C-alpha cells in the first residue's frame, strides 16, 4: 500500500514537472516556480517514503527472524542438537582420557625399567672396575688408564653392550 | 479518450479486487483448516523434539556413568599393571642374586647377560598386544627363570660341577 503511495507521489511529481514546463513555456514564471517547488516536495516525499518502507522492511524481517529463533520448536531443536553434541564430546573425552591413562602407565613402566637398567649397568661397571684393579699389575700404565677411562665413559653413556665388550677385552688381556 | 483509458484501468483494478475477494470468500474454510493443521503440526513437532531431548539427556547420563566406571576400572588396571611389572623386575633381580649366590665365581658380565635376557623376554611379553602371543612369551620367560633356578639348585646340591650355568647359557643361545 505504502509503495503504491510512493509510486503515486513519483507519478504526480512528474506530472507537476510537466505542468511547470508548460507554464514556463507560456511565461507564467511565478506559478511555474511554485509548481517546481511543489514537484520537488513531492519527489522528496516519495524518496522519504521509500526509505521509510525499506527501514520498516528490515526491522520487520529482523523481528520475524528473532521471533523464529526464539520460537518453541527452534529452541527444542537446538536443545536436541546440543544433546547430540554432548554425546559426541563424551565419547571423545572418554577416548582421550583412556589414551592419557595408557600414556602415564607406559611412562611409569619405562621409568622403572630405566631405574633397573641404571642399577644393573652401575653394578657391571663396578665389577669391571674391580677386575681392572685386580689386573693392574698385569697391564701397562697406558692400557690401564685407557681401560679405566672407557669404563667410566660407557657407564656415563649407559652403554651395556660396550661394557660387556670391555669386560671381555680385560679378560682376554689378563689371560695373555 | 484519456478519460476512457483511465476508466478502463480503474475497472480492471476493481475487477481484480473483486476476484480476489471472491476467491478469499470461497476458500475461507480451507485457509482456516490449513492454519489449524499448521498449528497442530507445530505442536506435534515440539512434543516430539521435547521427547527426543529428554531421551538424549537420559542416554547422556547413562553414558557418563558408564564412562566414569570404565575409566575407574581402567585406572585400577593400569596401576596393577605397573605394580606387576615392578614385581617382575624385582623377581628378575632376585633371579640374578640367586645365580650369583650359587655360582660364587660367576663373572658379573655373565650374570648381567642372564638378567638382561630375562628382562628382554619380559619386555617382549609386556609389549605384545595379542593375547596368544603374550601367553607364549610369558611361558618362555617362566621356562627361562626356572632353568636359571634349576642351574642354581643343582650347583648348590653338588650335582652340577660346571663353572658356568651351561643350561641357562644354552637357552640364551637358542633364543
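The values are calculated or read from the model by the stated rules, or taken from the named source; none is laboratory data. Model, not experiment: these values are computed from the prediction. Cβ atoms come from the backbone with ideal geometry, glycine included; neighbour counts cover every protein chain shown.
Structure above, values below:
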{"read-out": "Given (1) touching a helix residue (DSSP H, G or I) at 6+ places or on another chain (Cβ under 9 Å); (2) free of Cβ contacts under 8 Å to residues at least 24 places away in the same chain, number of the condition residue A:135 does not satisfy", "value": "(2)"}
{"read-out": "Residues of the stretch A:95-105 satisfying the condition of being within 21 Å of the chain's Cα centre (by Cα) and either surrounded by 12 or more Cβ atoms within 10 Å (Cβ to Cβ) or at the interface with chain B (Cβ under 7 Å from one of its Cβ atoms) (or both)", "value": "A:97"}
{"read-out": "Yes/no for residue A:108 being within 14 Å of chain B (Cβ to nearest Cβ) and assigned to a helix (DSSP H, G or I)", "value": "yes"}
{"read-out": "Where residue A:125 falls short, out of the listed (1) facing chain B (nearest Cβ under 7 Å); (2) buried (at least 17 other Cβ atoms within 10 Å of the Cβ)", "value": "(1)"}
{"read-out": "Residue satisfying all of: in the stretch B:120-136; in contact (Cβ under 8 Å) with a residue 12 or more places away in the chain and surrounded by fewer than 19 Cβ atoms within 10 Å (Cβ to Cβ); nearest to the other protein chains (Cβ to nearest Cβ) among these", "value": "B:126"}
{"read-out": "Criterion: over 30 Å from residue B:44 (Cα atoms) and surrounded by 15 or more Cβ atoms within 10 Å (Cβ to Cβ) - qualifying residue of A:34, A:17", "value": "A:17"}
{"read-out": "Test for residue A:162: is it at pLDDT 90 or above and out of contact with any strand residue (DSSP E or B) (no Cβ under 6 Å at 6 or more places or on another chain)", "value": "yes"}
